[in-house]
């Protein structure tokens, strides 16, 4: 049997049908939620699916919700190793000069990245944002350029940042959709929850008390962030996030008339999401998927596994069929290293592909040496006599 035929047989044998609760490519018609906010979005955090929206692309002032992008760039700098939580940051005169909500940094005061991040996430410190911006980029202007560049990379088409903290400025705006996008990106950095879930804390060895402006953290089950904001022009805004049963939701509220109404709007959207949707895992990272044939190697096969998780948002109460088809490359020759891509697990729904996961080697196969090849030929010759 040819190697191509073997690959086809393996694919057929390992084709698995999974019946799960779910819905198709497009979400069901959304509920008619009565919200006070001018603009709102409910997004599922794992898939990015929009579950509810109201004027999602309206360009509006976003006040301190701006700090979601500031925190995102800080977390990316930390995770990339550019800065550390223990690093000391020296506050500048510009940082001290910030008005609005602050942690009262003094010129020349040293504070760790950890404490400044706490001051941003919990107390919405405008001065802490400027201090971190200058620490990462050398100037607030340079950091704002990074904010706009990152927004462009994320596809945030209705956003323009003029500062790091959300103080009112001409031309500083975003949309509920864009805020949901950057909030979802921030959630990919789990360390941020160490800060956004704090209700009460302190700085300066307990001398400066912090209280979270996001009341969902204390009063909404599963709340894990993210950021409030309010100014005279923006009114009351919120990017509120919560997780229950592996379902991560992002509820964005813009221009609510009052602070209680923004939390009520966010809670209403979150309640709707948790009541009507769930996330089902179709493929698990490192899942054992059998073996793949290898030629010219010290071994004739190598174990294979899925590279990443694949999860699908599902509407409670409906049924669809997700089909998994394992497609292994037809000619895999040694050497093979752990992690080498050897094929893909194709996922289809109603005959249409909805996703795929790379299949990778779960071991190594060294290239056959001349001595090993000679021994194998001799054994074959002897056994065939």
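When the stretch 168-194 is filtered for residues that are touching a helix residue (DSSP H, G or I) at 6+ places or on another chain (Cβ under 6 Å) and farther than 14 Å from residue 250 by Cα, the ones remaining, listed by number, are 189, 192.
In the stretch 79-101, the residues that are on the phi > 0 side of the Ramachandran plot form Cβ pairs under 7 Å with partners that are modelled with pLDDT of 95 or more and not in a loop (DSSP other than H, G, I, E, B), at six or more places apart or across chains, as follows: 100/126.
Residue-level analysis places residue 81 outside the set of residues that are exposed (fewer than 14 other Cβ atoms within 10 Å of the Cβ), farther than 18 Å from residue 242 by Cβ and modelled with pLDDT under 95. Output the residues belonging to the stretch 112-159 that are crowded, with 17+ Cβ neighbours inside 10 Å and on the phi > 0 side of the Ramachandran plot. Selection gives 124 alone. Selection over the stretch 54-76 of residues that are crowded, with 19+ Cβ neighbours inside 10 Å and over 23 Å from residue 212 (Cα atoms) gives a count of 3. If you check residue 104 against the conditions, is it more than 30 Å from residue 269 (Cα to Cα), surrounded by fewer than 20 Cβ atoms within 10 Å (Cβ to Cβ), touching a residue at least 40 places away in the same chain (Cβ under 8 Å) and touching a helix residue (DSSP H, G or I) at 6+ places or on another chain (Cβ under 8 Å)? For residue 104, the condition - more than 30 Å from residue 269 (Cα to Cα), surrounded by fewer than 20 Cβ atoms within 10 Å (Cβ to Cβ), touching a residue at least 40 places away in the same chain (Cβ under 8 Å) and touching a helix residue (DSSP H, G or I) at 6+ places or on another chain (Cβ under 8 Å) - is met. Looking across the stretch 276-304, the residues that are part of a loop (DSSP other than H, G, I, E, B) and within 15 Å of residue 332 (Cβ to Cβ) come down to 294, 296, 298, 299, 300.
Residue-level check: of (1) in contact with a helix residue (DSSP H, G or I) (Cβ under 9 Å, 6 or more places away or on another chain); (2) on the phi > 0 side of the Ramachandran plot, residue 330 misses just (2). When 99, 155, 138 are screened for being modelled with pLDDT under 95 and out of contact with any strand residue (DSSP E or B) (no Cβ under 6 Å at 6 or more places or on another chain), only 99 passes. Residue 99 - would you say it is farther than 22 Å from residue 159 by Cα, in contact with a helix residue (DSSP H, G or I) (Cβ under 8 Å, 6 or more places away or on another chain) and surrounded by fewer than 22 Cβ atoms within 10 Å (Cβ to Cβ)? Answer is yes for this residue.
Scanning the stretch 340-352 for residues that are at positive phi, surrounded by fewer than 15 Cβ atoms within 10 Å (Cβ to Cβ) and touching a residue at least 24 places away in the same chain (Cβ under 8 Å) returns a single hit, 350. Screening residue 165 against (1) part of a loop (DSSP other than H, G, I, E, B); (2) surrounded by fewer than 22 Cβ atoms within 10 Å (Cβ to Cβ); (3) in contact (Cβ under 8 Å) with a residue 24 or more places away in the chain; (4) touching a helix residue (DSSP H, G or I) at 6+ places or on another chain (Cβ under 7 Å) leaves a single unmet condition, (2).
The values are calculated or read from the model by the stated rules, or taken from the named source; none is laboratory data. All of these numbers come straight from a predicted model, not from anything done at the bench. Cβ atoms come from the backbone with ideal geometry, glycine included; neighbour counts cover every protein chain shown.
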